[in-house]
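The values are calculated or read from the model by the stated rules, or taken from the named source; none is laboratory data. On a predicted model such as this, the values are computed, not experimentally measured, just so you know. When we count neighbours, we look across all protein chains shown, and the Cβ atoms used for this are built from the backbone with ideal geometry, even at glycine.
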């Protein structure tokens, strides 16, 4: 690594991200490169981990706002400690567990609806005579609710 940090091209090669994506993450304050005397971006090695985390978290369905909130407490210009990543992992783990639970409920309810072909409307979770579900809120209440 050069004494003054990694270039954006070097970071792109290490992370697999396009340089435009890295610049976007910088504009969103997710990474904080320094500038050399010529004004060129220079990244710390820790930024490779930070950018890799962003990529993984996005693939898991987290928004940039959610990712930014999790990364905010981390130091900008030094490698986060293992304890820093452990805290983030626990917070993301709880959200992932909730999403997994919701997806399993959805899969189970969709399987039963697809399996019946909606020929038995009395048993169908999606059947909603007289718009009874409207009293419990908007959206597909019978499919997404924990209670049904």
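Being within 12 Å of the chain's Cα centre (by Cα) and under 26 Å from residue 5 (Cα atoms): is that true of residue 51 here?
Values: within 12 Å of the chain's Cα centre (by Cα): no; under 26 Å from residue 5 (Cα atoms): yes.
The answer is no for residue 51.
In this structure, does residue 80 turn out to be modelled with pLDDT under 90 and touching a helix residue (DSSP H, G or I) at 6+ places or on another chain (Cβ under 7 Å)?
Spelling it out, residue 80 is indeed modelled with pLDDT under 90 and touching a helix residue (DSSP H, G or I) at 6+ places or on another chain (Cβ under 7 Å).
Might you check whether a residue that is assigned to a loop (DSSP other than H, G, I, E, B) and exposed (fewer than 14 other Cβ atoms within 10 Å of the Cβ) occurs anywhere in region 81-90?
Taking region 81-90 first, the residues assigned to a loop (DSSP other than H, G, I, E, B) are 81.
So of that shortlist, the ones also exposed (fewer than 14 other Cβ atoms within 10 Å of the Cβ) come out as 81.
The answer is yes, given that some residue of region 81-90 is assigned to a loop (DSSP other than H, G, I, E, B) and exposed (fewer than 14 other Cβ atoms within 10 Å of the Cβ).
Each row is one residue, and each column tells you yes or no for (1) closer than 16 Å to residue 91 by Cβ; (2) surrounded by fewer than 19 Cβ atoms within 10 Å (Cβ to Cβ).
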| site | (1), (2) |
| --- | --- |
| 21 | no, yes |
| 31 | no, no |
| 52 | no, yes |
| 63 | yes, yes |
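Let me confirm something: among 59, 40, 98, which residue is modelled with pLDDT of 90 or more, closer than 30 Å to residue 5 by Cα and loosely packed, with under 11 Cβ neighbours inside 10 Å?
Of the residues listed, the single one that is modelled with pLDDT of 90 or more, closer than 30 Å to residue 5 by Cα and loosely packed, with under 11 Cβ neighbours inside 10 Å is 59.
Does residue 39 count as free of Cβ contacts under 8 Å to residues at least 60 places away in the same chain, at positive phi and touching a strand residue (DSSP E or B) at 6+ places or on another chain (Cβ under 6 Å)? Full working, then the answer.
On the way: free of Cβ contacts under 8 Å to residues at least 60 places away in the same chain: yes; at positive phi: yes; touching a strand residue (DSSP E or B) at 6+ places or on another chain (Cβ under 6 Å): no.
Against the criterion (free of Cβ contacts under 8 Å to residues at least 60 places away in the same chain, at positive phi and touching a strand residue (DSSP E or B) at 6+ places or on another chain (Cβ under 6 Å)), residue 39 does not qualify.
For region 20-36, does any single residue satisfy the condition of being over 26 Å from the mean Cα position of the chain (by Cα) and more than 22 Å from residue 84 (Cβ to Cβ)?
The answer is yes, given that some residue of region 20-36 is over 26 Å from the mean Cα position of the chain (by Cα) and more than 22 Å from residue 84 (Cβ to Cβ).
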